[in-house]
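Student: One structure follows; several queries about it will come next.
The values are calculated or read from the model by the stated rules, or taken from the named source; none is laboratory data. Everything numeric in this text was worked out from a predicted model, so none of it was measured. Virtual Cβ from ideal backbone geometry, glycine too; neighbours counted across all protein chains shown. Protein only, heavy atoms only, side chains kept; ligands, DNA and RNA dropped before computing areas. Shrake-Rupley method; radii C 1.70, N 1.55, O 1.52, S 1.80 Å.
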Amino acid sequence: MRSIILQILAVTAINLKSLPQRLWLSLATVIAVGLVVTVLLAFLSMANGFRRTIADSGAEDIAVVLRSGAVSEINSVVLRDQVRLIEDGPGIARGPDGKPQTSGELYLTVNGIKRSTGTKASLPLRGLGPLGPGLRRGVVITAGRMFNPGTNEIIVGRALGKEFEGFELGQTVTFNSTRWSVVGIFAADGSVFESEIWADLPVLQSLFKRAGSVQTVRARLTSPAAIETLRAYSDNDPRLKLDVMSEAAYFAQQASNTSDLIQKLGWPLAIAMALGSLAGALNTMYSSVAARATEIATLRAIGFGGFSAFVGTLVESLILAAIGGVIGAAATYLVFDGFTASTMGASFSQVVFNFQLTPRLIGQGLLLALAVGLFGGLFPALRAARMPIVAGLYG
Amino acid sequence: MLSPADPIDPMIDIVDLCKRFTKGKETITIFDALNLAIPRGDFVAVMGPSGSGKTTLLNLLGGIDRSDSGAIEVAGERLDRLSESELSRWRASHIGFIFQFYNLMPMLTAAQNVELPLLLTRLGRKERRERVETALGVVGLADRVKHYPKEMSGGQQQRVAIARAIVSDPALLLCDEPTGDLDRSTADEVLSILQVLNRDLGKTIVMVTHDPAAAQYAKRSLHLDKGHFIEKELVA
Ligand SMILES: Nc1ncnc2c1ncn2[C@@H]1O[C@H](COP(=O)(O)OP(=O)(O)OP(=O)(O)O)[C@@H](O)[C@H]1O
Ligand SMILES: [Mg+2]
């Protein structure tokens, strides 16, 4: 046993010390593996950063209530009686006047024209109660004023106003054959709400024939922990078939669809590239075995086992791949660190997010690199182990 | 047979050995019924025309090539009955190879090269170092421990290779044209060392050579031709 370990150590040391003789080919393998890992980690850190940034923009002490099983606001309905039960529920914060800090909201879509392309797109039109804006972080009117309750007035999110035509302050727009005046522009801390149009809830309910029902209820909680109390209350009341979650959890759930999609693009691309680099690794390792044929045969003649030739070759391959993996991870870190900073500074976008590289993602990248090393080294290592000694000795 | 081998305890005993090479559809027979006996402590020079099978014979004796039929017993072991891994282990403890082009590992120092066979033994680090120093001392290179092959002359490299071959104290040394790449005086130094190893340390040596002067260092020489031996006794 001890002898086998000594043999393997010696053969591996000999392989690695002879690497400089195969510098360029080995370097090509390292770089190919590095690129694979860079591409994979770019996608994974993008997906991760997107999900985390969106989740971070959600508050822990705001509850979002939807119909049970509703994937998003669009396909949710909460009835008038349910709204009332939620307002009376435990854990809901109350204002100085004793009123529950809640906002029932409608979430509809209307058409707009994109400035850049001139094409139609659907825009979110949200109807919300008087407390609605206050239940979101950082909402401020940057121009004009808040809409008056009971009127056909709207305020427009900053990002949406920039991107779509006809939403300048003082202009009139037509939704559902009703005319609306833009009376204000608002910001919301760069969150997704800046891409919405807001109007008075009762007005929308009557004009869009949704009287009596809303799609979501938003509520301020007495504390982040109160979300559990509220959920338990809702779960135990058969009249409330609702999903209760914190705004942070709701955002994370919304973001996960997008981040899953990014991941689902990233993995196949990285694996396709990995197969390419596998071909390179095989070539490199077969050349390595050929170049070391005399050394391998000499060691075998001395009495070294075929197993040490096998392991030595495999270890060489794994080490090359691991170096590539580390370089790839480092490159991702360096490149996308700078990338994020410039994007944030240069333009304003509704979802500005960082590429976030975590140890777990780096682990996945290294695992892919090692897989390339393993499969790229396996067959060359078998050849090294089985090579007839005489052929190796006399070329 | 032709050899004066001690019939009770020969180092090498080959009976009706057959060896063929097949390349595609062609089969060449190197030996069809080779017989050879070499006693322990002998120093035999094997000569013969190119392609007569001298290297093939050494490979068979060293267990790095396989015979097709017949019996081949070396150092008390029937090589034709051992598996590949058994042969590996057997080589480690019984055989020292010396090649024409030394076959040193260029990235290892003289001491590291000589140490390689000891990695297959149970010896600890300290014992290994002592043995390496002794072996390098025997070939007169005690002061070259940390030198790399490229920093040494051909003769010095071959002496390192000899040290490597004897360091684990094998009974049989197999040398394939050990002086084929060296000039006369360097060759004489190397051959003298082999002679000392045979005479003073009792190593059995089989040495293939084209050089009649080199063969003079052996106790006797055998001529291989057309698959058979013709012996020429030398006057020492
Ligand atoms: N692996 C092999 N495959 C096919 N033929 C081989 C192989 N090895 C040796 N031979 C053939 O066997 C014959 C004997 O070869 P060998 O190397 O033993 O000769 P040799 O006596 O050592 O010659 P030299 O003096 O030139 O070294 C040659 O004809 C050679 O071509
Ligand atoms: Mg030969």
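Student: Looking only at region A:202-213, filter to residues that are open to solvent by 10 Å² or more (accessible area, probe 1.4 Å) and outside any loop (DSSP other than H, G, I, E, B); which one of those is farthest from A:Ser177 (Cα to Cα)?
Tutor: Taking the candidates together, the pick is A:Ser213.
Student: Looking at the structure I just gave you, is A:Asp56 under 23 Å from the mean Cα position of the chain (by Cα) and open to solvent by 20 Å² or more (accessible area, probe 1.4 Å)?
Tutor: It is true that A:Asp56 is under 23 Å from the mean Cα position of the chain (by Cα) and open to solvent by 20 Å² or more (accessible area, probe 1.4 Å).
Student: If you take the residues of region B:207-228 that are over 21 Å from B:Leu172 (Cα atoms) and open to solvent by 10 Å² or more (accessible area, probe 1.4 Å), which of them is nearest to the chain's Cα centre (by Cα)?
Tutor: If we take residues in region B:207-228 being over 21 Å from B:Leu172 (Cα atoms) and open to solvent by 10 Å² or more (accessible area, probe 1.4 Å), then B:Asp211 is nearest to the chain's Cα centre (by Cα).
Student: Separate question: Does region B:26-36 hold any residues that are over 15 Å from B:Gly227 (Cα atoms) and more than 13 Å from ligand 1 (Cβ to nearest atom), and which are they?
Tutor: none
Student: Can you find a residue in region B:120-127 that is within 14 Å of another protein chain (Cβ to nearest Cβ) and modelled with pLDDT of 95 or more?
Tutor: yes
Student: Given the criterion under 21 Å from A:Thr216 (Cβ atoms), open to solvent by 70 Å² or more (accessible area, probe 1.4 Å) and in a strand (DSSP E or B), identify the matching residue among A:Ser122, A:Ser103.
Tutor: Going through A:Ser122, A:Ser103 in turn, just one is under 21 Å from A:Thr216 (Cβ atoms), open to solvent by 70 Å² or more (accessible area, probe 1.4 Å) and in a strand (DSSP E or B): A:Ser122.
Student: Which residues, taken from region A:74-103, are under 26 Å from A:Leu123 (Cα atoms) and not aliphatic (A, V, I, L, M)?
Tutor: A:Asn75, A:Ser76, A:Arg80, A:Thr102, A:Ser103
Student: For residues that are among the acidic types (Asp, Glu) and within 16 Å of ligand 2 (Cβ to nearest atom), scanning just region B:162-183, find the one that is least open to solvent (accessible area, probe 1.4 Å).
Tutor: It comes out as B:Asp176.
Student: OK, next. Please determine whether any residue of region A:82-97 is in contact with a Leu (Cβ under 9 Å, 6 or more places away or on another chain) and open to solvent by 70 Å² or more (accessible area, probe 1.4 Å).
Tutor: no
Student: Checking the condition within 16 Å of ligand 1 (Cβ to nearest atom) and without any contact (Cβ under 8 Å) to a residue 40 or more places away in the chain, which residue from B:Asp211, B:Asp188, B:Asp225 passes?
Tutor: B:Asp211
Student: With a cut-off of at least 2 residues that are farther than 30 Å from A:Leu128 by Cα and within 14 Å of chain B (Cβ to nearest Cβ), name the helices (runs of 4 or more DSSP H) lying wholly within region A:1-99.
Tutor: Output list reads A:2-17.
Student: Still on this structure: State yes or no: is A:Arg2 touching a residue at least 60 places away in the same chain (Cβ under 8 Å) and basic (Lys, Arg)?
Tutor: When the stated conditions are applied, A:Arg2 does not pass them.
Student: Inside region A:367-395, can you point out the residues that are within 14 Å of chain B (Cβ to nearest Cβ) and open to solvent by 70 Å² or more (accessible area, probe 1.4 Å)?
Tutor: Within region A:367-395, A:Arg386, A:Pro388, A:Tyr394, A:Gly395 qualify.
Student: Just to verify a result, which residue in region B:77-101, among those that are among the aromatic types (Phe, Trp, Tyr) and in contact (Cβ under 8 Å) with a residue 60 or more places away in the chain, is nearest to the other protein chains (Cβ to nearest Cβ)?
Tutor: Only one residue fits best here, namely B:Phe97.
Residue by residue, here is whether (1) within 22 Å of B:Glu86 (Cα to Cα); (2) β-branched (Val, Ile, Thr); (3) away from ligand 1 (no atom under 16 Å from the Cβ); (4) modelled with pLDDT under 95 holds:
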residue: A:Thr298; (1), (2), (3), (4): yes, yes, yes, no
residue: A:Leu314; (1), (2), (3), (4): no, no, yes, no
residue: A:Val351; (1), (2), (3), (4): no, yes, yes, yes
residue: A:Ala371; (1), (2), (3), (4): no, no, yes, no
residue: A:Met387; (1), (2), (3), (4): yes, no, no, yes
residue: A:Tyr394; (1), (2), (3), (4): no, no, no, yes
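Student: Could you tell me whether B:Asp183 is acidic (Asp, Glu) and within 16 Å of ligand 1 (Cβ to nearest atom)?
Tutor: Judged against the criteria, B:Asp183 is not a match.
Student: Here's something else I'd like to know. How many of the residues in region B:104-131 are in a helix (DSSP H, G or I) and over 19 Å from the mean Cα position of the chain (by Cα)?
Tutor: Total meeting the criteria: 11.
Student: Hey, another quick one. Tally the residues that are within 14 Å of another protein chain (Cβ to nearest Cβ) and more than 10 Å from ligand 1 (Cβ to nearest atom), restricting the search to region B:42-62.
Tutor: Residues meeting the conditions: 2.
Student: As an exercise: evaluate A:Ala249 against (1) within 18 Å of A:Asp61 (Cβ to Cβ); (2) assigned to a helix (DSSP H, G or I); (3) out of contact with any Asp or Glu (no Cβ under 8 Å at 6 or more places or on another chain); (4) open to solvent by less than 30 Å² (accessible area, probe 1.4 Å) and give the number of the one condition it does not meet.
Tutor: Answer for A:Ala249: the failing condition is (4).
Student: Here's something else I'd like to know. Evaluate region B:45-65: report whether one residue or more is more than 16 Å from ligand 2 (Cβ to nearest atom) and charged (D, E, K, R).
Tutor: There is no residue in region B:45-65 that is more than 16 Å from ligand 2 (Cβ to nearest atom) and charged (D, E, K, R).
Student: Kindly list the number of the only condition in (1) out of contact with any strand residue (DSSP E or B) (no Cβ under 8 Å at 6 or more places or on another chain); (2) away from every other protein chain (no Cβ under 11 Å); (3) under 27 Å from B:Asp9 (Cβ atoms); (4) open to solvent by less than 20 Å² (accessible area, probe 1.4 Å) that fails for B:Val74.
Tutor: Here B:Val74 meets the rest and fails (1).
Student: Please go through region A:139-169 and pick out each residue that is in a helix (DSSP H, G or I) and among the aliphatic types (A, V, I, L, M).
Tutor: A:Ala159, A:Leu160
Student: From the list A:Ala232, A:Ala187, pick out the single residue that is at pLDDT 90 or above and either assigned to a strand (DSSP E or B) or in contact with a Ser or Thr (Cβ under 9 Å, 6 or more places away or on another chain) (or both).
Tutor: A:Ala187
Student: So which of A:Asn111, A:Asn48, A:Asn15 ends up being assigned by TED's automatic domain parsing to the domain that holds A:Ser191 and polar (S, T, N, Q)?
Tutor: Residue meeting the stated conditions: A:Asn111.
Student: Restricting region B:19-41 to residues that are out of contact with any Phe, Trp or Tyr (no Cβ under 9 Å at 6 or more places or on another chain) and open to solvent by less than 10 Å² (accessible area, probe 1.4 Å), which is nearest to the other protein chains (Cβ to nearest Cβ)?
Tutor: Restricting to residues being out of contact with any Phe, Trp or Tyr (no Cβ under 9 Å at 6 or more places or on another chain) and open to solvent by less than 10 Å² (accessible area, probe 1.4 Å), the top hit is B:Phe31.
Student: Out of region B:128-146, which residues are free of Cβ contacts under 8 Å to residues at least 40 places away in the same chain, farther than 21 Å from A:Leu9 by Cα, away from chain A (no Cβ under 14 Å) and not acidic (Asp, Glu)?
Tutor: Scanning region B:128-146 gives B:Thr134, B:Leu136, B:Gly137, B:Leu141, B:Ala142, B:Arg144.
Student: Let me ask something else. Could you please find all residues in region B:191-208 being within 16 Å of ligand 1 (Cβ to nearest atom) and in contact with a Lys or Arg (Cβ under 9 Å, 6 or more places away or on another chain)?
Tutor: B:Val208
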